[in-house]
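The values are calculated or read from the model by the stated rules, or taken from the named source; none is laboratory data. If you're wondering where the values come from, they're calculated on a predicted model, not measured in any experiment. Methodologically, a virtual Cβ is constructed for each residue, glycine included, from the backbone with ideal geometry; neighbour enumeration extends over all protein chains shown. Surface areas here come from the heavy atoms of the whole protein model, side chains and all, with no ligands, DNA or RNA. Shrake-Rupley method; radii C 1.70, N 1.55, O 1.52, S 1.80 Å.
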Amino acid sequence: MLIITAPGQGAQTPGFLAPWLELPGVSERLGTASELAGCDLIRFGTTASADEIKDTAVAQPLLVAAAIAAASVLSGNDPGAVPADAAAGHSVGELAAGVIAGVLAADDAMRLVGVRGRAMAAAASTEPTGMTAVLGGDQDAVLGAIARCGLTAANVNGAGQIVAAGTLAELEAFAADPPAGARLRPLQVAGAFHTRHMAAAVAALRDAAADVTATDPAMTLLSNADGAAVTTGKEWLERIVAQVAAPVRWDLCMTTMADLGVTALIELPPAGTLTGLARRALPGVALLAIKTPEQLDAARDLISEHLAEPDAHGHGHLPEWRLIVAPTSGTFRSPPNHADGATAELGAVVTRGAERAVVAPWPAEIIEWLAEDGDPVSEGQPLVRVQPPTGGPGGWVPPESREGA
């Protein structure tokens, strides 16, 4: 089983697009993408400096355009026709994954990523915020320390990599008392992405998405929200909007890849980050990071060896569970007796002077509790794994999407 993946912000390097422009049709495609995103992607991908392409409003459309262009070459011109069994993207890479899975037209993806990048850059400019990578340490201890400082675990990438995000004051307090065994590395980013500080960007992207048509995925498509496979275009678009201010759970995406039986993973350019994470989390899986056009033949060979369904992509092996996550950072309070029957009431997260209910959108069968009463939790942290009701409503929307967090 083969999955195609697209990286997120931070993967870009100066000049990485230059060799791709030598291929037929790529320059024209990137020219169109530049107009749609409102950004000169050819210049930024070839001659711009590292500082220029760090700009959120530049980096995001650059990454999505690069992944779509490479997918188009790999498939013979149509990025929605890449032979694969599944697709997933990290953060903004989800837009490219949606195109590959046939949910979104490439032009619509470029329009949306232009709005997304500009809106997130604007949101970041309203308050001094930032992000710090936490490398190593016990994951539960790291998440607890992040929550105690009022921060959000904005990226949980697996392989001992978690990114804490919040105000600069909160990050300074965290650095003064780091989790045992962990190394902290402040990131050179404009703000606290994938946290409540991006609420204004959620609203801007929701407005832009209102006129977009999203069709149901033609292959298994994983979501950063909880690693679940999304089966409807409507749900996918809602999740993409909410994800701007909700944590990225790439660790859970990789868990689902393992559950699905993925045997090969291809990362589109500018590649390297996701294959690096998979090397530790998915032992035995064949990995290919496409950095230059010279690796396209290797990608085609990997596809021919590992594609499970060459003629039609279905959803026969989708995980049926869903995760309910913490709506905010604080202390988790479980319901009396950790009820095991069908229920929508799953406890609460208590913060200073407030309490946020933890609920499922329907009475759900509890499969596994992932947090105990009294545990410190961070926003977006999974609390309980649940089973949707048999024959339940389609287009399941996680609590964070419904609240617009």
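Remarks
- Region 72-214 - percent of accessible surface contributed by carbon and sulfur, probe 1.4 Å: 51 percent
- Note on region 110-164: along the principal axes its Cα atoms extend 40, 24, 12 Å, ordered by decreasing extent.
- FRET efficiency, 1/(1 + (r/R0)^6) with R0 45 Å, evaluated for ALA298 and GLU355 via beta carbons: 0.25
- Accessible surface, per residue, of the chain when the full set of protein chains is kept, probe 1.4 Å, Å²: 38 Å²
- Structure-based [θ]222 nm, the chain - -39500 (n - 2.57) summed over DSSP H runs of at least 4, per residue, nearest 500: -10500 deg cm²/dmol
- Of the peptides 263-270, 144-151, the ranking by mean beta-carbon count within 10 Å, highest at the top, reads 263-270, 144-151.
- With the convex hull drawn around the C-alpha atoms of region 1-109, the volume per residue stands at 86 Å³.
- Segment ALA180-ARG279, extension gain: residue separation times 0.36 nm, minus the distance between their alpha carbons: 33.1 nm
- With a Förster radius of 45 Å applied to the beta-carbon distance between SER27 and THR126, the computed FRET efficiency rounds to 0.75.
- Share of Cα-Cα pairs in region 162-201 lying beyond 17 Å, as whole percent: 32 percent
- Counting only Cα atoms, the size of the chain along its three principal axes is 63, 46, 42 Å, in decreasing order.
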